[in-house]
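**Q** I have a structure I would like to understand better, so I am pasting it below and will then ask my questions one at a time.
Here, each number is a calculation from the coordinates, and none is a lab measurement. Remember, predicted model here, so these are calculated numbers, not experimental data. Here the Cβ positions follow ideal geometry from the backbone for every residue, glycine too, while neighbour counts run over all protein chains shown.
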Amino acid sequence: MKNLIKYLALFITFISLTSCFDIIDKMSLKADGSGEYSIILNASKSKTRLQSISKMETINGKKVPKKSEIESKLKEASEIFKTVPGISQVKTSFDAENYIIKLSCNFKKIENINAGLEKLKAKNMIGKTIPTQLYKNNVAEKTFIRNKINSFKNDYNKLSSTDKEVFNNATYTSILQFESVIKSQTNNTYAISPNKKALKINSNILDFVLEKKQVQNTISLQ
């Protein structure tokens with residue numbers, strides 16, 4: 001779980017200092033397998049608290065990162081993603097006033113995102129236990145797979161009460177958009193859009209950490 005927090009901290013280190021934040025990842029997939037990917041970390045609900053914390057050196061025994069350090073980490077992640085074959089148009093933004101961070105890119109195939117995460121792991125920017133093989137797509141068979149991720153339940157149970165509070169009001173949302181119509185899926189926790197070209201799952205992060213909800217899904221397209 002500490003590695004999970006480290007993974008989140010790649011984009012916004014302040015997350016470990018507040019329990020009110022949202023993570024949103026979004027993927028748009030074309031019929032040829034290419035598409036767009038983005039991840040947004042939004043801590044605007046806690047901006048007043050974070051603005052106060054930013055003036056401190058440490059809190060709860062943790063070093064408070066400067067905004068310049070967050071920007072530096074985000075830039076470093078961007079530069080790593082730019083070196084991945086198949087990934088292009090890498091863009092990052094940091095709203096320092098509202099504490100909203102975004103990283104987005106285009107890919108030739110969704111597995112390029114997996115490769116980008118592998119590179120981050122090789123550079124020790126994410127923990128060794130963080131899953132990197134998140135997606136798989138078979139264009140010929142018109143099947144898209146959101147892979148199962150490792151369980152962090154046992155790691156969470158070992159955390160102190162203070163560290164557990166980080167996740168109390170945190171939410172995670174994943175949106176999968178397709179150029180083709182969705183024929184079927186194996187995880188009905190995902191809500192399907194009226195035009196049957198998009199899926200969405202969202203909940204408190206603890207629902208996923210404690211395995212009350214799962215992200216894995218196999219989607220068949222027309």
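**Q** At a Förster distance of 25 Å, what's the computed FRET efficiency of Ile192 paired with Asn169, Cβ-Cβ distance as r, to 0.05?
**A** 0.40
**Q** In addition: Let me see the pair-distance distribution of the stretch 122-171: every alpha carbon pair, 5 Å bin width, integer percents in order.
**A** Cα pair-distance distribution for the stretch 122-171, in percent: 4, 14, 15, 17, 19, 13, 9, 5, 3, 1.
**Q** I would also like to ask the following. Give me the extension gain from Thr162 to Ser78: residue separation times 0.36 nm, minus the current Cα-Cα distance, reported in nm with one decimal.
**A** Once the chain is fully extended between Thr162 and Ser78, it gains 27.1 nm.
**Q** Now a separate question. For Val181, Val166, Val215, which order do you get if you count the other beta carbons within 10 Å of each Cβ and list the fewest first?
**A** Val181, Val215, Val166
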